[in-house]
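Just below is one structure, and these are the notes that go with it.
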Amino acid sequence: MEQRRILSDWHDGPGRLNRRRLAARFVDAVQADTNVSSRPAGGDHDLNPGLRPPQTLIPAAVLIPIVDRGGELSVLLTRRTEHLANHAGQISFPGGHVEPGDNTPEDAALRETEEEIGLDRRHVTLLGRLDDYVTRTGFKVTPVVSTVDPPFDLNPDPGEVESVFEVPLTFLLDPANHQRTSRMFKGHRRYYYTMTWGQHEIWGATAGMLVNLYQFLARP
């Protein structure tokens with residue numbers, strides 16, 4: 001099974017994450033793909049052929065934090081508060097706008113993560129980037145994949161984050177959980193991925209980036 005092959009590539013044994021092998025996966029992918037910088041960014045428009053990305057895009061970055069709990073890998077996610085201007089109430093990765101003081105998307109992802117949930121960057125090991133993801137709301141998001149070493153303390157900003165939770169990586173890497181669904185939006189039917197974990201519905205850009213993570217790890 002493809003999912004089991006992917007997970008076995010990440011481990012030396014039960015609950016033991018091989019970070020060196022995982023980091024090498026990102027290095028090998030970049031070296032093998034010489035057109036990565038010129039390839040058009042994917043995004044919400046991939047499932048909606050009639051939806052064109054906005055011409056002017058706002059640069060943003062998110063952290064995909066993979067937590068090693070010693071027995072199971074999980075991905076840390078947040079639920080945004082309901083009053084935010086963009087993506088209110090949705091499940092998301094920690095992250096946000098790339099600011100003038102950020103030299104790289106990695107700088108932005110780490111800074112935003114510290115500001116949003118209080119995760120100290122000393123617990124974070126950066127592995128690499130996935131392809132940029134363009135949202136229908138006009139953001140060009142760079143997903144930065146990392147591992148996170150427990151124990152760590154979190155201090156979510158109540159103005160931005162309603163809650164923080166983790167979802168098993170085995171669930172997120174199972175294609176059976178990558179459901180394609182749709183809804184009407186401004187008179188048009190829009191398609192998107194969704195993954196339901198307990199009471200949490202992960203959908204839209206976050207689900208799309210998780211599908212991209214799966215596809216990245218599944219490459220030969």
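Computed from the coordinates by the stated procedures, all read-outs in this text should not be read as laboratory data. Fair warning: this is a prediction, and the values are worked out from it, not measured in the lab. Heads up, the Cβs are rebuilt from the backbone with ideal geometry, glycines too, and the neighbour counts pull from every protein chain shown.
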Checklist entry - How far apart, in nm, are the 7 Å Cα→Cβ label points at D157 and M184? => result 3.7 nm
Item to check | ³J(HN,Hα) computed for each position of segment 142-158 - Karplus, 6.51 cos²θ - 1.76 cosθ + 1.60, integer Hz, glycine/proline x | outcome: 9, x, 10, 8, 8, 9, 10, 9, x, x, 8, 9, 10, 9, x, 6, x
Checklist outcome for this item: Residues whose modelled amide H sits under 5 Å from the amide H of V134, counting only those 5 or more places away in sequence or on another chain, are G42, G43, D44, V141
Checklist outcome for this item: Label model pair Y191, H123: point-to-point distance (7 angstrom along the Cα→beta-carbon line) in nm is 3.9 nm
Next on the checklist: Just to confirm a number: summing +1 for Lys and Arg and -1 for Asp and Glu over residues other than L169 whose beta-carbon lies under 11 angstrom from that of L169, what do you get?
Outcome noted: -3
Checklist entry - Alpha carbon centre of segment 170-212 versus segment 132-169: separation in Å? => result 16 Å
Item to check | Rounded to whole Hz, the Karplus (6.51, -1.76, 1.60) HN-Hα couplings of segment 170-176, x for glycine and proline | outcome: 4, 5, 6, 8, 8, x, 5
